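The values are calculated or read from the model by the stated rules, or taken from the named source; none is laboratory data. Small disclaimer: the values here were computed from a predicted structure and weren't measured. Cβ: placed from backbone, ideal geometry, glycine included. Neighbour counts: every protein chain shown.
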Amino acid sequence: MTEIKNSFISITSALYIAFFTAIVHLGTAYFYLDFSWKTFRWGVSLALFLGVFLFSYLLLYVRIEYFIINKVKELYQTFFPAVISSNSLKTDSNIDFLTNKLKQFASDSMLEIEMLKKQENYRKEFIGNLSHELKTPLFTVQGYVLTLLDRGLKDKKIVKKYLKQTAKGVERLEFIIKDLDLITKFESGIETLDYSTFDIRKTLKNVFELLEFQSVKNNISIKMDRNYDYPIWVIADEERIQQVITNLIINSLNYGVYQGATEVSINQPNESKALIRITDNGKGIDKKHLPRLFERFYRVDKTRNRNQGGSGLGLAIVKHIIEAHNEQIFVESKLQVGSEFSFSLSLASKKELLKQL
């Protein structure tokens, strides 16, 4: 904008110089040279032509500048109505300021478009994963049911075997639907938490007993890092926190190695927080997977993990439960070394413990 105006000023100055030069030449010719009406007419005509041209040029310049300023005002009021009033855009500095603002607006718009594209890709990937997760058990159930219908119900052994497989497919569908329903409730704010004060040690012991069979089956030990002789009281929804710990330990068992170990520790970084850490010496997770690890249906090793069952929503549920408590969850992992998942919980104060009594 400034360059355009400077160009207009330069041309205007040149025309002024030419106009006054013509006048000076006319005066000189009149006083010092032989005067004739022909010379006078040519001089007046030239002066009038330059004057009219200069006047027309200045009028055009004013009109163009007025048009540009008004258009700039309209743009400014459209995109930044709260920043500047309609009468304040009168100087080049404001126009330059607007230009920078428009550039920033364009840059922000591009970033927003890129984010929308990424969200669209995630949405497509989520729908594809959901379709695959539902399709697998559905095809299993359909296949066994059709086989039973084709062969009839005479052989009781085959009937029993196929019905068991059908039941597993139905159970898998039930897991997926229940977990999706739970995540939807957390995201919409429908699911509420039932806060209570409880000893986190007992919760961990319950999970260890619940997963003892799977631990033996995978030949992976589950243990505490040391003996905790005193109770550690936390405030949270005990049932949901037990679900978090269960999901995280199951995840470590699924990705563990033969004769591996999963270790749980309770740290207290300050007087108000406890940090529950679940560490394993399993296969580990590549860094590229860590940012998306808590997405729904996202699997690091898709074939292996699907064969072991589950809904594919375990870590997504963990994240939603922890965030619903206004707490944080962390993950660190290194290939061929192991992984560590940790999350924070609020410790119960003395007043809250007295209320519990």
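If Glu238 passes every condition in (1) modelled with pLDDT under 90; (2) surrounded by 18 or more Cβ atoms within 10 Å (Cβ to Cβ) but one, which one does it miss?
(1)
Output the number of the condition that Asn219 fails; it satisfies all remaining conditions of (1) assigned by TED's automatic domain parsing to the domain that holds Lys351; (2) of a type outside the set (Lys, Arg); (3) touching a helix residue (DSSP H, G or I) at 6+ places or on another chain (Cβ under 6 Å).
(3)
Name, by its number, the condition in (1) surrounded by 16 or more Cβ atoms within 10 Å (Cβ to Cβ); (2) without any contact (Cβ under 8 Å) to a residue 60 or more places away in the chain; (3) of a type in the set (A, V, I, L, M) that does not hold for Leu335.
Every condition holds for Leu335 apart from (1).
Hey, can you tell me all the residues within the range 323-357 that are under 20 Å from Asp237 (Cβ atoms), part of a loop (DSSP other than H, G, I, E, B) and among the polar types (S, T, N, Q)?
Result: Asn326, Gln328, Ser349.
Within the range 163-176, is there a residue that is more than 30 Å from Lys273 (Cα to Cα), touching an Asp or Glu at 6+ places or on another chain (Cβ under 8 Å) and either at pLDDT below 80 or not hydroxyl-bearing (Ser, Thr, Tyr) (or both)?
Scanning the range 163-176, I find at least one residue that is more than 30 Å from Lys273 (Cα to Cα), touching an Asp or Glu at 6+ places or on another chain (Cβ under 8 Å) and either at pLDDT below 80 or not hydroxyl-bearing (Ser, Thr, Tyr) (or both), so the answer is yes.
Are any of the residues in the range 278-287 in the same structural domain as Leu313 (by TED's automatic domain parsing), within 19 Å of Lys319 (Cα to Cα), modelled with pLDDT of 90 or more and of a type in the set (A, V, I, L, M, F, W, C)?
Yes, the range 278-287 has at least one match.
Report those strands (runs of 3 or more DSSP E) wholly inside the range 188-284 carrying at least 3 residues which are touching a residue at least 40 places away in the same chain (Cβ under 8 Å) and out of contact with any Ser or Thr (no Cβ under 6 Å at 6 or more places or on another chain).
It comes to 196-199, 221-224, 261-267, 273-280.
Looking at Ile158, Ile176, can you tell me which residue is closer than 23 Å to Ser131 by Cβ and hydrophobic (A, V, I, L, M, F, W, C)?
On inspection, the qualifying residue turns out to be Ile176.
Here are some residues: Arg277, Arg292. Which one is under 26 Å from Glu187 (Cβ atoms) and either touching an Asp or Glu at 6+ places or on another chain (Cβ under 6 Å) or not aromatic (Phe, Trp, Tyr) (or both)?
Being under 26 Å from Glu187 (Cβ atoms) and either touching an Asp or Glu at 6+ places or on another chain (Cβ under 6 Å) or not aromatic (Phe, Trp, Tyr) (or both) holds for just one of Arg277, Arg292, which is Arg292.
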